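Novice: Quick one: structure below, then a few questions.
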């Protein structure tokens, strides 16, 4: 069994609390580079980590908020004019991803990112009702509780014999139990420490449910300032920009 390499390109929230970059996690096998979420600061993070956009074969978007998908126009810009990309790029996301991204590209770089491109951009809709297979990867998604207009989902990735679960953004939702079940790694958002939110998890609520989360390893991400202030009270691992690990 080959190893997977994971790099947290960005581990922060929408406000870049603590100077952290916005969400982006690169999973690399020998055959494929999969990016989970693509916040607006992605290119900065890639360069800090010594990673190029050529290493990204596909992107899976958990929901349509800027700190999770707004880096894609800049990735395309780099692919076109810096890397001279020719290989296809596959983008997985909730219904509406293609249209929302087209609007963002048109606003940010009118004309330059409207295509056609010298490489194919293939879109795939993540559907809670069925798993999607792509090359050596299988995606399963779960509805979670975030904001009304974000089409939020949690993503479970089976790749090279490992399972990585990713909550995206959500308050506590019982679907997280099924999402994490039997996974090798559960990357869980934890924006707050002790303040429940209608859109995000807090650590004390998550701690109450840890007994239900059957995962070999849990890492907190998308952390906010109250997590920074309460590090001495937190027993779980916390992601940081540039964190690398192997599975």
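Please treat every number below as a calculation from the coordinates, not as lab data. Owing to the predicted nature of the structure, the values given are computational and were not obtained by experimental measurement. Reconstructed Cβ throughout: ideal geometry from the backbone, glycine too, with neighbour counts over all protein chains shown.
Novice: Using only Cα atoms, tell me the angle between helix 72-81 and the longest principal axis of the chain; keep it within 0 to 90° and round to the nearest 10.
Specialist: 30 degrees
Novice: Rounded to the nearest 5, what % of the DSSP beta bridges within the stretch 87-177 are antiparallel ones? Before the final figure, lay out the partial values.
Specialist: On the way: 15 of 20 bridges.
Here the share of antiparallel DSSP bridges comes out near 75 percent.
Novice: To the nearest 10 degrees, how steep is helix 97-108 against the longest Cα principal axis of the chain, on a 0 to 90 scale?
Specialist: With both axes taken from Cα atoms, the answer is about 70 degrees.
Novice: In whole percent, what relative contact order does the stretch 1-100 give with Cα contacts below 8 Å and a gap of six or more residues?
Specialist: 23 percent
Novice: Let me ask you something else. Counting pairs of alpha carbon atoms under 8 Å apart in space and at least six apart in sequence, what relative contact order in percent does the stretch 5-244 give? Numbers along the way, then the final one.
Specialist: Values: 562 pairs, mean separation 42.5, N = 240.
Once normalised by length, the contact order is 18 percent.
Novice: To continue, here is another question. At 0.36 nm per residue, minus the direct Cα-Cα distance, what do residue 81 and residue 138 gain on full extension? Give it in nm, one decimal, please. Walk me through the numbers before you get to the answer.
Specialist: On the way: separation 57, 0.36 × 57 = 20.52 nm, distance 3.13 nm.
Going from the current span to full extension adds 17.4 nm.
Novice: Quick one: if the Förster radius is 30 Å, what FRET efficiency do residue 230 and residue 47 give, using the C-beta to C-beta distance and rounding to 0.05?
Specialist: Once rounded, the FRET efficiency stands at 0.45.
Novice: Sticking with this structure for a sec: Roughly speaking, what is the stretch gain from residue 194 to residue 99, that is 0.36 nm per residue apart minus the C-alpha to C-alpha distance, in nm to one decimal? Mind showing how you got there, number by number?
Specialist: Numbers: separation 95, 0.36 × 95 = 34.20 nm, distance 3.67 nm.
Gain on extension, residue 194 to residue 99, equals 30.5 nm.
Novice: By average Cβ neighbour count within 10 Å, what is the ranking of 127-134, 91-98, 161-168 from highest down?
Specialist: 161-168, 91-98, 127-134
Novice: Report the antiparallel proportion of the DSSP beta bridges in the chain as a percent, rounded to a multiple of 5. Before the final figure, lay out each step's value.
Specialist: Details: 27 of 50 bridges.
Rounded to the nearest five, the antiparallel share is 55 percent.
Novice: Per residue of the chain, what 222 nm ellipticity follows from adding -39500 (n - 2.57) for every DSSP H run with n ≥ 4, rounded to the nearest 500?
Specialist: The helix-only estimate for the chain comes to -5500 deg cm²/dmol at 222 nm.
Novice: Right, something else. Between 126, 76, 176, find the one with the highest GNM mean-square fluctuation for the chain; connect C-alpha pairs within less than 10 Å.
Specialist: Of 126, 76, 176, the Gaussian network model singles out 76 as fluctuating most.
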